[in-house]
Amino acid sequence: VVAASGLDPVAVDEAVAGLVANGLVVADEKGFGFRHSLAQEAVAANLGPGERAAVHRGVAELLSVRHELACSPAPGSAAAERAHHWEAAGTPTRALAEAMRAVAETDARLAPAEALAHLEQVLRLSDRVPHPTEIVDTDRASLMERAGDAAIAAGRYERASELLRAARHELGDG
(Lines give C-alpha, C1' and ligand atoms only; values in the text may rest on other atoms or scores of the structure.)
Protein backbone atom coordinates (compact mmCIF):
# COMPACT_ATOMS: atom_id res chain seq x y z
CA VAL A 1 0.00 0.00 0.00
CA VAL A 2 2.80 2.38 0.93
CA ALA A 3 4.75 1.72 -2.27
CA ALA A 4 1.69 2.11 -4.50
CA SER A 5 0.28 5.18 -2.78
CA GLY A 6 3.41 7.20 -2.10
CA LEU A 7 1.87 8.20 1.23
CA ASP A 8 3.64 8.51 4.57
CA PRO A 9 4.25 4.96 5.92
CA VAL A 10 3.20 5.89 9.47
CA ALA A 11 -0.08 7.39 8.24
CA VAL A 12 -0.77 4.30 6.12
CA ASP A 13 -0.04 1.97 9.06
CA GLU A 14 -2.42 3.95 11.29
CA ALA A 15 -5.16 3.98 8.65
CA VAL A 16 -4.83 0.25 7.95
CA ALA A 17 -4.81 -0.53 11.68
CA GLY A 18 -8.06 1.40 12.02
CA LEU A 19 -9.62 -0.52 9.13
CA VAL A 20 -8.55 -3.84 10.69
CA ALA A 21 -9.84 -2.79 14.13
CA ASN A 22 -13.22 -1.90 12.62
CA GLY A 23 -13.44 -5.20 10.76
CA LEU A 24 -13.41 -3.78 7.24
CA VAL A 25 -9.99 -5.20 6.38
CA VAL A 26 -8.40 -8.50 7.40
CA ALA A 27 -4.75 -9.39 7.58
CA ASP A 28 -3.23 -12.77 6.80
CA GLU A 29 0.12 -14.19 5.69
CA LYS A 30 -0.44 -12.83 2.16
CA GLY A 31 -1.16 -9.27 3.28
CA PHE A 32 -4.37 -7.30 3.62
CA GLY A 33 -7.75 -7.68 2.00
CA PHE A 34 -11.32 -6.53 2.41
CA ARG A 35 -13.38 -8.71 4.73
CA HIS A 36 -16.35 -8.56 2.34
CA SER A 37 -16.50 -7.93 -1.38
CA LEU A 38 -19.27 -5.37 -0.76
CA ALA A 39 -16.80 -3.19 1.18
CA GLN A 40 -14.35 -3.42 -1.70
CA GLU A 41 -17.10 -2.50 -4.18
CA ALA A 42 -18.15 0.46 -2.02
CA VAL A 43 -14.60 1.82 -1.94
CA ALA A 44 -14.23 1.35 -5.71
CA ALA A 45 -17.60 3.03 -6.31
CA ASN A 46 -16.40 6.14 -4.48
CA LEU A 47 -13.50 6.59 -6.90
CA GLY A 48 -14.10 8.51 -10.08
CA PRO A 49 -13.01 6.95 -13.38
CA GLY A 50 -9.84 9.05 -13.47
CA GLU A 51 -8.93 8.17 -9.88
CA ARG A 52 -9.61 4.48 -10.50
CA ALA A 53 -7.44 4.49 -13.63
CA ALA A 54 -4.66 6.31 -11.75
CA VAL A 55 -4.74 3.75 -8.93
CA HIS A 56 -4.54 0.88 -11.41
CA ARG A 57 -1.73 2.62 -13.31
CA GLY A 58 0.22 3.10 -10.08
CA VAL A 59 -0.20 -0.55 -9.11
CA ALA A 60 0.77 -1.73 -12.60
CA GLU A 61 3.89 0.44 -12.56
CA LEU A 62 4.81 -0.82 -9.11
CA LEU A 63 4.28 -4.48 -10.06
CA SER A 64 6.40 -3.91 -13.17
CA VAL A 65 9.43 -3.16 -11.01
CA ARG A 66 8.56 -5.11 -7.84
CA HIS A 67 7.45 -8.53 -9.10
CA GLU A 68 7.54 -9.98 -5.59
CA LEU A 69 4.51 -7.87 -4.64
CA ALA A 70 2.21 -9.86 -6.93
CA CYS A 71 -0.61 -11.68 -5.14
CA SER A 72 0.40 -15.16 -6.30
CA PRO A 73 3.75 -16.80 -7.03
CA ALA A 74 2.16 -19.20 -9.58
CA PRO A 75 3.67 -19.05 -13.08
CA GLY A 76 1.94 -16.40 -15.16
CA SER A 77 0.14 -14.85 -12.20
CA ALA A 78 2.32 -11.76 -11.83
CA ALA A 79 2.07 -10.99 -15.54
CA ALA A 80 -1.69 -11.59 -15.44
CA GLU A 81 -2.01 -9.23 -12.48
CA ARG A 82 -0.05 -6.54 -14.33
CA ALA A 83 -2.23 -7.11 -17.42
CA HIS A 84 -5.35 -6.61 -15.33
CA HIS A 85 -4.07 -3.34 -13.88
CA TRP A 86 -2.80 -2.00 -17.24
CA GLU A 87 -6.18 -2.78 -18.79
CA ALA A 88 -8.05 -1.08 -15.95
CA ALA A 89 -5.71 1.89 -16.30
CA GLY A 90 -6.78 2.26 -19.93
CA THR A 91 -3.47 1.08 -21.40
CA PRO A 92 -4.49 -1.87 -23.61
CA THR A 93 -1.16 -2.14 -25.44
CA ARG A 94 0.78 -2.76 -22.22
CA ALA A 95 -2.04 -4.99 -20.97
CA LEU A 96 -1.83 -7.09 -24.13
CA ALA A 97 1.94 -7.50 -23.79
CA GLU A 98 1.57 -8.61 -20.15
CA ALA A 99 -1.34 -10.94 -20.96
CA MET A 100 0.78 -12.59 -23.65
CA ARG A 101 3.62 -12.90 -21.12
CA ALA A 102 1.15 -14.63 -18.77
CA VAL A 103 0.29 -17.07 -21.59
CA ALA A 104 3.98 -17.79 -22.19
CA GLU A 105 4.66 -18.37 -18.47
CA THR A 106 1.65 -20.64 -17.87
CA ASP A 107 1.98 -24.33 -18.69
CA ALA A 108 -1.31 -25.17 -20.42
CA ARG A 109 -0.84 -28.86 -19.58
CA LEU A 110 -0.60 -28.22 -15.84
CA ALA A 111 -2.94 -25.24 -15.57
CA PRO A 112 -5.30 -25.30 -18.56
CA ALA A 113 -8.00 -23.14 -16.96
CA GLU A 114 -5.46 -20.41 -16.21
CA ALA A 115 -3.99 -20.67 -19.71
CA LEU A 116 -7.49 -20.36 -21.17
CA ALA A 117 -8.21 -17.27 -19.05
CA HIS A 118 -4.96 -15.63 -20.18
CA LEU A 119 -5.62 -16.48 -23.84
CA GLU A 120 -9.18 -15.12 -23.61
CA GLN A 121 -7.74 -11.88 -22.22
CA VAL A 122 -5.23 -11.72 -25.09
CA LEU A 123 -8.04 -12.22 -27.62
CA ARG A 124 -10.18 -9.53 -25.96
CA LEU A 125 -7.32 -7.04 -25.77
CA SER A 126 -6.12 -7.70 -29.31
CA ASP A 127 -9.39 -6.17 -30.53
CA ARG A 128 -8.49 -2.90 -28.77
CA VAL A 129 -4.91 -2.53 -29.98
CA PRO A 130 -3.75 -1.45 -33.44
CA HIS A 131 -1.47 -4.07 -35.03
CA PRO A 132 -1.74 -6.65 -32.21
CA THR A 133 0.36 -9.19 -34.12
CA GLU A 134 3.39 -6.95 -33.50
CA ILE A 135 2.89 -7.61 -29.77
CA VAL A 136 1.67 -11.20 -29.67
CA ASP A 137 3.79 -12.40 -32.61
CA THR A 138 1.07 -14.68 -33.98
CA ASP A 139 -2.24 -14.38 -35.78
CA ARG A 140 -5.69 -14.34 -34.19
CA ALA A 141 -6.69 -17.74 -35.57
CA SER A 142 -3.66 -19.37 -33.93
CA LEU A 143 -4.52 -17.73 -30.62
CA MET A 144 -8.09 -19.02 -30.93
CA GLU A 145 -6.80 -22.51 -31.66
CA ARG A 146 -4.51 -22.40 -28.60
CA ALA A 147 -7.43 -21.16 -26.49
CA GLY A 148 -9.61 -23.96 -27.88
CA ASP A 149 -6.95 -26.53 -26.95
CA ALA A 150 -6.71 -25.06 -23.45
CA ALA A 151 -10.51 -25.15 -23.14
CA ILE A 152 -10.52 -28.85 -24.07
CA ALA A 153 -7.79 -29.54 -21.48
CA ALA A 154 -9.83 -27.60 -18.89
CA GLY A 155 -12.96 -29.61 -19.68
CA ARG A 156 -14.77 -26.60 -21.17
CA TYR A 157 -15.91 -28.37 -24.33
CA GLU A 158 -18.63 -25.94 -25.36
CA ARG A 159 -16.21 -23.02 -25.12
CA ALA A 160 -13.61 -25.04 -27.03
CA SER A 161 -16.11 -25.63 -29.82
CA GLU A 162 -16.90 -21.89 -30.00
CA LEU A 163 -13.23 -20.94 -30.13
CA LEU A 164 -12.28 -23.55 -32.72
CA ARG A 165 -15.26 -22.61 -34.93
CA ALA A 166 -14.22 -18.96 -34.66
CA ALA A 167 -10.65 -19.90 -35.63
CA ARG A 168 -11.94 -21.72 -38.71
CA HIS A 169 -14.10 -18.72 -39.59
CA GLU A 170 -11.09 -16.43 -39.14
CA LEU A 171 -9.19 -18.56 -41.64
CA GLY A 172 -12.09 -18.50 -44.08
CA ASP A 173 -12.89 -22.19 -43.57
CA GLY A 174 -16.14 -21.69 -41.71
Between helix 140-153 and the chain: long-axis angle, C-alpha atoms, 0 to 90°, nearest 10: 80 degrees
Picking from 142, 154, 131, whose Cα lies most toward the positive end of the charge dipole for the stretch 92-174 (charges on Cβ: Lys, Arg +1; Asp, Glu -1)? 154
For the chain, alpha-carbon Rg over 2.2 N^0.38 Å: 1.20
Note the angle between two axes, namely the Cα long axis of helix 77-88 and the longest principal axis of the Cα atoms of the chain, as a number of degrees from 0 to 90, rounded to the nearest 10. 80 degrees
Taking the Cα centre of the stretch 24-174 as origin, work out the dipole magnitude from +1 charges on Lys and Arg Cβ and -1 charges on Asp and Glu Cβ, in debye rounded to 20. 240 debye
Find the Rg to Rh ratio for the stretch 1-90, where Rh is the Kirkwood radius over alpha-carbon pairs and Rg uses the same atoms. 0.96
Highest mean packing first, using Cβ neighbours within 10 angstrom, the peptides 68-77, 147-156 sort as 147-156, 68-77
Counting only protein heavy atoms and a 1.4 Å probe, tell me what percentage of the chain's accessible area is made up of carbon and sulfur. 56 percent
Just to confirm, what accessible area per residue do you get for the chain at 1.4 Å probe, in whole Å²? 61 Å²
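The values are calculated or read from the model by the stated rules, or taken from the named source; none is laboratory data. What you see is a predicted model; the values in this text were computed from it and never measured. With ideal geometry, Cβ positions are generated from the backbone for all residues, glycine too; neighbour counts draw on all protein chains shown. All accessible areas refer to the heavy atoms of the entire protein, side chains included, with ligands and DNA or RNA removed. Shrake-Rupley method; radii C 1.70, N 1.55, O 1.52, S 1.80 Å.
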